[in-house]
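Read-outs: derived from the displayed coordinates by stated rules, not from any lab. These numbers come from a predicted model, not from an experiment. Cβ placement follows ideal geometry from the backbone for every residue including glycine, while neighbour counts extend to all protein chains displayed.
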Amino acid sequence: MSSEDIAIKVEHVAKRFRLGLEDTMHDTFGAAMLDFIKSPLKNYRYYRSLYKFDDSSGPDAPNQPADILWALRDVSFQVKRGEVLGIIGTNGAGKSTLLKILSRITPPTRGSVEIRGRVSSLLEVGTGFHNELTGRENIYLNGTVLGMRKKEIDQKFDAIVDFSGVERFLDTPVKRYSSGMRVRLAFSVAAHLEPEILIIDEVLAVGDAAFQKKCMNKMQDVGEGGRTVLFVSHSMSAITRLCHRAILLNQGTVLQDGSTHDVVSAYLGSGQGSPSHKQWNDPATAPSGKVARLLAVRALDADRRISSAMKITQPIAIEIEFEVLTPGHILMPHFHVFNDEGIRLFAALDQDPQWRGKPRPAGRYISRGWIPANLLSEGLLYVSPALTTLQPDIPQFIVRDAISFQVMDSRHEGAESARGDYARNIKGVIRPLLTWESETAEISGQRSTA
């Protein structure tokens, strides 16, 4: 890769902060007076220490002082021009600190950052707003803060207002705006920038559901416009839809760098995301009735491996392992699938002819139901396993949201899914890949007689 193709180059970046420590409390009056006498010298040493570090001690040095925090530790990566890079990780992994270094808000303690191109950052929506100014005035103020010229703002003013949906309150001071209105206007200004490099931190978590979808579509337009984008989000659906490549941060270090699917799979499978396997080893705490007891429930990919990240183009198996305690009953294992809004997508009943309508002897069993490929829509899904005896119908166990898994769909990987070449949000709780046919229809009265 030539240097001209690189938009961002990060080499061995580390960032150090000094934390505040709790003051010592005294149990006696004498100890308190002695501390008061010593306080001028103690305060001088403390405030001097805020700006003095021992540069010889790196992030991996032993015996680190209690008030030193390394938010980033030896982070290195490159971003090509026109690439959309996702950055994921748990809270405190160092994502926002990294973006602030790339945005030149704070310098790195160690390492170097090389950026080629005009950069605009959207790290905290609403930065640059003044409460006493109107929405109209704040558009110009905030646009200037984010690097836009007045001529650019004039050209995009109507589009910004239309996107925000606050036209009626445009000449009202923003101190009278609701928090949602303020966020909508701030994002609208930032979303209409045209930088070469755009750095975005969790903007899709703001506003109501309708506005979040609007934000997602706008970010897709930015990414498809050939601009370099760094995108931080806790929404795995947003990451897989927008990003070609992803980086997983953990405690300030790069844990994995690669294709979006592989990195998201590693994140979800590490226990930092959604658990796709749950097991009950203690019979006393396992969900059970008089007839049967639940032992485990798992989500399996097409290769029958436990996975928290499923490709939309491959089948998914839900496996229920249970033990029959009392023989001679007809059993109906089943499971329910819910989306992250709590909507039940479907319930699936065990229709295996081997045991359908037949009483089962005591023992351990595994019931496995396969969900077809290209049926579920992308997003986080939850599985509730259950079992009922038939004739009479008596529930034995049901565990709401026992496991979860992420369904991922990305047109960047060339998978044959219902998305095809369409990159925007596709609504609906399922997304089947239908068979389509096309033919040329002749217009009535104009049929050729030749």
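Whole-Hz Karplus values for the range 246-260 come out as 9, 10, 9, 9, 8, 6, x, 10, 7, 7, 7, 9, x, 4, 4 Hz, taken residue by residue from phi with 6.51 cos²θ - 1.76 cosθ + 1.60 and θ = phi - 60°; glycine and proline positions read x.
Would you work out the relative contact order for the range 277-408, in percent, from Cα pairs under 8 angstrom that are 6 or more residues apart?
30
What you get for the range 70-269, charging only the Cβ of Lys and Arg (+1) and of Asp and Glu (-1), is a dipole of about 200 debye around the Cα centre. Residues whose amide H lies under 5 Å from that of LEU72, counting only those 5 or more places away or on a different chain, are LYS15; hydrogens are built 1.01 Å from N in the peptide plane. Per-residue Cβ neighbour counts within 10 Å put ILE306, ILE430, ILE247, ILE239 in the sequence ILE430, ILE306, ILE247, ILE239, beginning with the fewest. Taking every Cα-Cα distance in the range 277-408 and sorting them into 10 Å bins from zero, the calculated P(r) comes out as 13, 45, 32, 11, 0 percent.
Averaged over residues, the count of other Cβ atoms within 10 Å places the peptides 179-188, 68-77, 107-116 in the sequence 179-188, 68-77, 107-116, highest first.
Placing dummy labels 7 Å off each Cα toward the beta-carbon, the span from THR144 to SER76 is 4.3 nm.
Compute for the range 70-269: radius of gyration divided by Kirkwood radius, i.e. Rg/Rh, restricted to C-alpha atoms, rounded to two decimals.
In the range 70-269, Rg relative to Rh is 0.98.
Between ALA362 and ASP27, the distance separating the two model label sites (each 7 Å from Cα on the Cα→Cβ line) works out to 6.0 nm. Amide H contacts for GLY82 (H built 1.01 Å from N in the peptide plane; partners 5 or more residues away or on another chain; cut-off under 5 Å): THR228.
Spin-label model, ASP5 to ASN131: label points 7 Å out along the Cα-to-beta-carbon direction sit 5.1 nm apart. In this structure, the residue pairs whose Cα-Cα separation is over 24 Å, taken from LYS80/LYS218; LYS151/LYS218; LYS80/LYS156; LYS214/LYS427; LYS150/LYS218, are LYS80/LYS156. On the beta carbon distance between GLN155 and ARG18, with R0 = 41 Å, the FRET formula returns roughly 0.35.
A Cβ-based charge dipole, computed about the Cα centre of the range 277-408 with Lys and Arg at +1 and Asp and Glu at -1, lands at about 360 debye.
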